[in-house]
Amino acid sequence: MTDGRFEVFLRFVAGLSSPMTARGLVEFLGPFPHQTTCRVIDWVKGEFKRQSGNRWSEAGKRSLLNTLHYLFESQNRGLAQAALGSVETLSFSGMTLTPIDCAVLSHVIGLCDTIKHLDLEDCHIQCEGIQRLGPGLHKCKELRLNDNKLGDSGVKLVSAALKNPECKIQKLGLIRVDLTDSGAEDLASTLSTNPSLTELDLSFNKLGDSGVKLMSSALRNPECKIQKLWLRDVGLTDSGAEDLASALSTNPSLTMLSLGSNSLTDRSVPTLRRLILTLPSLEWIWLTSNQFSGTGKKELRSLQELRPGLTVDLNI
């Protein structure tokens, strides 16, 4: 059936491939022939193979998630690893994920070393969900948690994954996750000690100058390897820009910086000029939708002549 009415039953069936589960039911249902267990395992493998090829549509994502529930119920590491094979990307963006769904995802990620990209954008994940996901997050290289209501407490749990000595996260998306300056302190404590993180997007959060200042202190750390940083619409003013530019001027890895849709004025032009001329690695800086005058914009654009290969984007 395609309406999901038998999902609980199918998960129960998948659980029969677990000897521990089957053993507990022998008293009521009698012994399970080995052949039956093998048929269940083959069915789960087939379901995953069938669903994994259609995992980009809404229906495909839902079917794939159901299949992951089967793998979870089986509690069969070998089956999960065989079914997942060399899958590198799991995307459930736009779906509503319950805390139980998140626990299933964490379990699957923990069993599969090939998953590198996890896209959970706009999945209505809150603090409890990210808590369930926590144990597996550090294994992903690219993690997108944009447009979830994580709040400061949820971001603190993400920060814990970044502190894991085995953390592999290189790209982290935390756009519009209700992060404030209070939560920025926990996150900042991991940018300064995590050598794997190279791309960080904190756009559309209420950091303000105080939150950006906390992040700036982490960016000063020689261990920080951030190459691409997005701080679009985070409440940054000229005052906060001074702290940020001072910190970033010590980062020889930075290639892209987005400061669009903030409250920067011509007072920040000298600061930005120093930053741009100090960092030979910088290739692109977005400054759109700020409060620069025509003269300020002209001065900023003129820096492209002094730095061949640099793009100063001021278009709306």
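Each row is one residue, and each column tells you yes or no for (1) in a loop (DSSP other than H, G, I, E, B); (2) not aliphatic (A, V, I, L, M).
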{"residue": "HIS124", "(1), (2)": "yes, yes"}
{"residue": "GLU128", "(1), (2)": "no, yes"}
{"residue": "ARG132", "(1), (2)": "no, yes"}
{"residue": "PRO135", "(1), (2)": "no, yes"}
{"residue": "VAL155", "(1), (2)": "no, no"}
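Anything in segment 83-98 that is over 15 Å from ARG50 (Cβ atoms) and open to solvent by less than 60 Å² (accessible area, probe 1.4 Å)? List them, or say none. Can you show your working first?
Pass one, segment 83-98, residues over 15 Å from ARG50 (Cβ atoms): 86, 88-98.
Selection gives THR89, LEU90, SER91, PHE92, SER93, GLY94, MET95, LEU97.
Quick test of your reading of the structure: SER203 fulfils all but one of (1) within 23 Å of GLU121 (Cα to Cα); (2) in contact with an Asp or Glu (Cβ under 9 Å, 6 or more places away or on another chain); (3) without any contact (Cβ under 8 Å) to a residue 40 or more places away in the chain. Name the failing condition by number.
(3)
Kindly evaluate VAL104 against the criterion of being open to solvent by less than 10 Å² (accessible area, probe 1.4 Å), more than 26 Å from THR180 (Cβ to Cβ) and touching a residue at least 40 places away in the same chain (Cβ under 8 Å). Write out each step before concluding.
On the way: open to solvent by less than 10 Å² (accessible area, probe 1.4 Å): yes; more than 26 Å from THR180 (Cβ to Cβ): yes; touching a residue at least 40 places away in the same chain (Cβ under 8 Å): no.
Judged against the criteria, VAL104 is not a match.
Identify all residues within segment 212-240 that are of a type outside the set (A, V, I, L, M), within 24 Å of ASP147 (Cβ to Cβ) and part of a strand (DSSP E or B); write none if there are none.
LYS228, TRP230
For segment 188-202: of the residues being small (Gly, Ala, Ser) and not in a loop (DSSP other than H, G, I, E, B), which is farthest from LYS171 (Cα to Cα)?
Filtering segment 188-202 down to residues small (Gly, Ala, Ser) leaves 188-189, 192, 196.
Narrowing the set further to residues that are not in a loop (DSSP other than H, G, I, E, B) leaves 188-189.
On the way: ALA188: 15, SER189: 17 Å.
My answer is SER189.
Since ASP209 meets every condition but one in (1) part of a loop (DSSP other than H, G, I, E, B); (2) acidic (Asp, Glu); (3) modelled with pLDDT of 95 or more, which condition does it not meet?
Only one criterion in (1) part of a loop (DSSP other than H, G, I, E, B); (2) acidic (Asp, Glu); (3) modelled with pLDDT of 95 or more is unmet by ASP209, namely (1).
Would you mind stating whether SER263 is among the hydroxyl-bearing types (Ser, Thr, Tyr) and within 30 Å of GLY129 (Cα to Cα)?
Values: among the hydroxyl-bearing types (Ser, Thr, Tyr): yes; within 30 Å of GLY129 (Cα to Cα): no.
No; evaluated as a whole, the condition is false for this residue.
Does PRO280 meet the test of being free of Cβ contacts under 8 Å to residues at least 40 places away in the same chain, more than 18 Å from TRP230 (Cα to Cα) and part of a loop (DSSP other than H, G, I, E, B)?
On the way: free of Cβ contacts under 8 Å to residues at least 40 places away in the same chain: yes; more than 18 Å from TRP230 (Cα to Cα): yes; part of a loop (DSSP other than H, G, I, E, B): yes.
For PRO280, the condition - free of Cβ contacts under 8 Å to residues at least 40 places away in the same chain, more than 18 Å from TRP230 (Cα to Cα) and part of a loop (DSSP other than H, G, I, E, B) - is met.
List every residue pair whose Cβ atoms sit under 6 Å apart, with the two residues 6 or more apart in sequence or on different chains, where the first one lies in segment 156-180 and is hydroxyl-bearing (Ser, Thr, Tyr) and the second, anywhere, is surrounded by fewer than 18 Cβ atoms within 10 Å (Cβ to Cβ) and not in a loop (DSSP other than H, G, I, E, B).
Filtered contacts from segment 156-180: THR180/LYS206.
Identify all residues within segment 62-88 that are outside any loop (DSSP other than H, G, I, E, B) and either touching a strand residue (DSSP E or B) at 6+ places or on another chain (Cβ under 7 Å) or of a type in the set (Asp, Glu) (or both); write none if there are none.
To start, the set of residues in segment 62-88 that are outside any loop (DSSP other than H, G, I, E, B) comprises 62-74, 77-84.
The answer is GLU73, and nothing else.
Name the residue that is most open to solvent (accessible area, probe 1.4 Å), counting only residues in segment 107-134 that are among the charged types (D, E, K, R) and under 20 Å from LEU71 (Cα atoms).
Pass one, segment 107-134, residues among the charged types (D, E, K, R): 113, 116, 119, 121-122, 128, 132.
Next cut, under 20 Å from LEU71 (Cα atoms) only: 113, 116, 119, 132.
Numbers: ASP113: 117, LYS116: 70, ASP119: 30, ARG132: 96 Å².
Looking at the filtered set, the residue picked out is ASP113.
Just the residues that are under 17 Å from LEU279 (Cα atoms), open to solvent by less than 10 Å² (accessible area, probe 1.4 Å) and within 22 Å of the chain's Cα centre (by Cα), please, taken from segment 230-257.
Result: LEU254, LEU257.
Which of the residues that make up segment 89-103 are touching a strand residue (DSSP E or B) at 6+ places or on another chain (Cβ under 6 Å) and either assigned to a loop (DSSP other than H, G, I, E, B) or of a type in the set (Asp, Glu) (or both)? Spell out the reasoning first.
Just the residues of segment 89-103 that are touching a strand residue (DSSP E or B) at 6+ places or on another chain (Cβ under 6 Å), to begin with: 89-91, 93.
Answer for segment 89-103, where residues must be touching a strand residue (DSSP E or B) at 6+ places or on another chain (Cβ under 6 Å) and either assigned to a loop (DSSP other than H, G, I, E, B) or of a type in the set (Asp, Glu) (or both): just SER93.
The values are calculated or read from the model by the stated rules, or taken from the named source; none is laboratory data. In this text, all values refer to a predicted model and were calculated from it rather than measured experimentally. Neighbour counts run over all protein chains shown; Cβ positions are idealised from the backbone, glycine included. All accessible areas refer to the heavy atoms of the entire protein, side chains included, with ligands and DNA or RNA removed. Shrake-Rupley method; radii C 1.70, N 1.55, O 1.52, S 1.80 Å.
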